[in-house]
């Protein structure tokens, strides 16, 4: 499953858990060559399989979930009943085989299963293990369960989204989970570097909450140093004016911003109102912020008769910051994303030819890849336990008869 | 983590090696503009020796600069001058990673060109962070945070359904780009361990923002449905298209609570009803619901609206902190909508030593976000940004 030339070829990863925060780390590693095994059970499959649409033909099914698939491409999928002692035995075979364990259970669950770090490293001394959860492994609220969509509110992002006098806004999904998973990948890769240098394994404790706060490091420092409480302010910016979105003929929206008086003059020329840039009321950014209605009307008069994409191209040609507000459909038609092969389709036995998202970077010498579609539930049991772990046919059959793979 | 030896005499090389910062010996030149400041900060927090290169008159006093360049050394170099470019090349000759935000087609694209730098140091990893990546039809487009959030689809999913698309009022796309850049840098470092060669890491901020929008694109791909913004509600959890309230006014702001299904939803919903009963709140249709059988996947809008009405009334009577404490005590899913002041006083962060007080400009103590991960039980400490123009850089990692 991993190409020999990829950056992380030869690195083995085992994931315990589900949803986004853990598995998205494994996906990024898998896209650059790591061999990643996603562990579920028939009784408790990954929550993304059945709790979140979209499903093929809008019919929920254990292997029909596009949400689960989106974060689990390029991996092997196995099932183990961790309530059975034999299930733990096989889990330990996996953790002895791998370089990295990623888990996003609630704190203490892995220890109760006999899969805590101190236990695992007795038989795999240089193991790297990353535990990620809402609050981290310690502290008075360490045991708080939670989903990222809600944690994004505790971490300040939702409160900073929306109009000044309106309610907070959702950032669609578990926004903060993907911050934590991206930073989790940074931590795991740093631990690999340390192991290469020293031979030592590492235990990594990731609090998704804390990771999210790094994305608000500036406003938090501003509060600590100056007492300033950042507030949501629509699409305004403290420096640029105009700065926002405007509706267009095709129902789309145009985002644009002007960061200097000269750029504003270029915008006015495009709008067909070159005299506006000399108007003393809007000659400076402060003036433009005070006369928002005047600018809104001028931009709207120009944007309304135009399609958003075309309007953005015209403004770019004139040296003005601009881009269409892309819808989810637009993301599949964007020539930039197409040129960079950001989406890569792979055939899934139930879902069909699904588009998978590559990480946001690529490497010139050891490029990434979507090596295969996401696994079906337990679909790689035989491959992983027989070929990778070396169970004999008899052993495998015995475990199966004991329903260890359920 | 190995147990610390009881006596000084018992200190072992192995123990010290295990306590080494994860990226000890990794030398990073951070030549980035705002778009990628976070990348160097993340590497610095894990022990890399990061030198932030800034133009002689560049402003380094803003809170954004200080928050994202803490833990780095500061060195002034003028790339517009031949001497500055020569100094950069000298530094690059012994560095492991160079982070830059070149502007395709502009002069700095040549300065930070990977092929040019590879001739100076074949082991150098060059991380180029740009709005759209170094190639493609929009590679030279002029954009800032709002346009990148628009280009990555995030704005189309935030805001009122019948209103304008929204961005987060605090810049986010640059952080997404910086975080992906750090992953890319270390992925290339892992490759170098085997090949001995550096390479180019080409990071697109637009693509980084797509990471933020979860599986929303899959609805288009699989069903031909285009998800859009739902304001204070969540969609996409019911096959009927029902929307679920997410933000509820409370006594001093808002709380985030969603009627989930599954095992976690069952406990949350049962506990909420128990809490409401203790307060003698009229439960309405909630009283008759068997939460073990509740499945939001098939719920209609009318059913959801009827369930949410008594909950809204109850939440309007409680405070954010009360919700946080009770939700924790009762093991309920849900959080208050915090502002920076709420976050700054959260006991959980205090208990984990998240905040780090270090000297800022003029020696005044500043409270920063600490490193994002606890490593073997210890949060790596921050050090103040030091302006050391004449200090020799550490040698390259061996």
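The values are calculated or read from the model by the stated rules, or taken from the named source; none is laboratory data. Quick caveat, the model's predicted, so the values are computed rather than measured. Here Cβ is always computed from backbone atoms with ideal geometry, including for glycine, and neighbour counts include all displayed protein chains.
Here residue B:313 fulfils each of the conditions (1) over 16 Å from residue A:214 (Cβ atoms); (2) modelled with pLDDT of 95 or more; (3) within 13 Å of chain A (Cβ to nearest Cβ); (4) surrounded by fewer than 17 Cβ atoms within 10 Å (Cβ to Cβ) apart from (3). Scanning the range A:37-63 for residues that are in a loop (DSSP other than H, G, I, E, B), within 9 Å of another protein chain (Cβ to nearest Cβ) and buried (at least 21 other Cβ atoms within 10 Å of the Cβ) returns A:51, A:52, A:53, A:54. Among the conditions (1) surrounded by 15 or more Cβ atoms within 10 Å (Cβ to Cβ); (2) in the same structural domain as residue A:378 (by TED's automatic domain parsing); (3) touching a residue at least 40 places away in the same chain (Cβ under 8 Å), residue A:349 misses just one, which is (1). Among the conditions (1) more than 9 Å from chain A (Cβ to nearest Cβ); (2) farther than 21 Å from residue A:154 by Cβ; (3) modelled with pLDDT under 95, the only one that residue B:296 does not satisfy is (1). The set of residues in the range A:1-25 that are closer than 19 Å to residue A:383 by Cα, more than 13 Å from chain B (Cβ to nearest Cβ) and modelled with pLDDT of 95 or more comprises A:12, A:14, A:15, A:16. Among the residues of the range A:121-139, those that are surrounded by fewer than 24 Cβ atoms within 10 Å (Cβ to Cβ) and either closer than 22 Å to residue B:351 by Cβ or free of Cβ contacts under 8 Å to residues at least 40 places away in the same chain (or both) comprise A:122, A:123, A:137, A:138, A:139. Please indicate, with yes or no, whether at least one residue in the range B:153-164 is buried (at least 24 other Cβ atoms within 10 Å of the Cβ) and part of a strand (DSSP E or B). The answer is no, given that none of the residues of the range B:153-164 is buried (at least 24 other Cβ atoms within 10 Å of the Cβ) and part of a strand (DSSP E or B).
Let's see how each residue does on (1) at pLDDT 95 or above; (2) touching a strand residue (DSSP E or B) at 6+ places or on another chain (Cβ under 9 Å):
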| position | (1), (2) |
| --- | --- |
| B:106 | no, no |
| B:109 | no, yes |
| B:112 | yes, yes |
| B:147 | yes, yes |
| B:198 | yes, yes |
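Considering the conditions (1) crowded, with 19+ Cβ neighbours inside 10 Å; (2) farther than 30 Å from residue A:261 by Cα; (3) within 14 Å of chain B (Cβ to nearest Cβ); (4) touching a strand residue (DSSP E or B) at 6+ places or on another chain (Cβ under 8 Å), residue A:311 is excluded by exactly one of them, (2).
Among the residues of the range B:131-152, those identified as outside any loop (DSSP other than H, G, I, E, B) and touching a helix residue (DSSP H, G or I) at 6+ places or on another chain (Cβ under 7 Å) are B:145, B:148, B:149, B:151. The set of residues in the range B:215-232 being under 14 Å from residue A:171 (Cβ atoms) and modelled with pLDDT of 95 or more consists of B:215, B:216. What do you reckon, is residue B:137 more than 9 Å from chain A (Cβ to nearest Cβ) and surrounded by fewer than 24 Cβ atoms within 10 Å (Cβ to Cβ)? In short, no. Here residue B:163 passes the criteria (1) more than 7 Å from every other protein chain (Cβ to nearest Cβ); (2) touching a helix residue (DSSP H, G or I) at 6+ places or on another chain (Cβ under 8 Å) except the one numbered (2). With the checklist (1) in a loop (DSSP other than H, G, I, E, B); (2) within 14 Å of chain B (Cβ to nearest Cβ) in hand, flag the one item residue A:69 doesn't pass. Result: residue A:69 passes all but (1). Summed over the range A:18-36, the residues that are surrounded by fewer than 24 Cβ atoms within 10 Å (Cβ to Cβ) and touching a strand residue (DSSP E or B) at 6+ places or on another chain (Cβ under 8 Å) give a count of 1.
Considering the range B:354-369, the residues that are within 17 Å of residue B:45 (Cβ to Cβ) and without any contact (Cβ under 8 Å) to a residue 24 or more places away in the chain include one that is surrounded by the fewest Cβ atoms within 10 Å (Cβ to Cβ), namely B:357. None of B:227, B:296, B:285, B:249 is outside the structural domain of residue B:152 (by TED's automatic domain parsing) and in contact with a strand residue (DSSP E or B) (Cβ under 8 Å, 6 or more places away or on another chain) except B:296. Candidates A:195, A:249, A:141: the one that is closer than 27 Å to residue A:32 by Cα and over 18 Å from the mean Cα position of the chain (by Cα) is A:195.
Counting the residues of the range B:166-194 that are at the interface with chain A (Cβ under 7 Å from one of its Cβ atoms), more than 14 Å from the chain's Cα centre (by Cα) and in a helix (DSSP H, G or I) gives 8.
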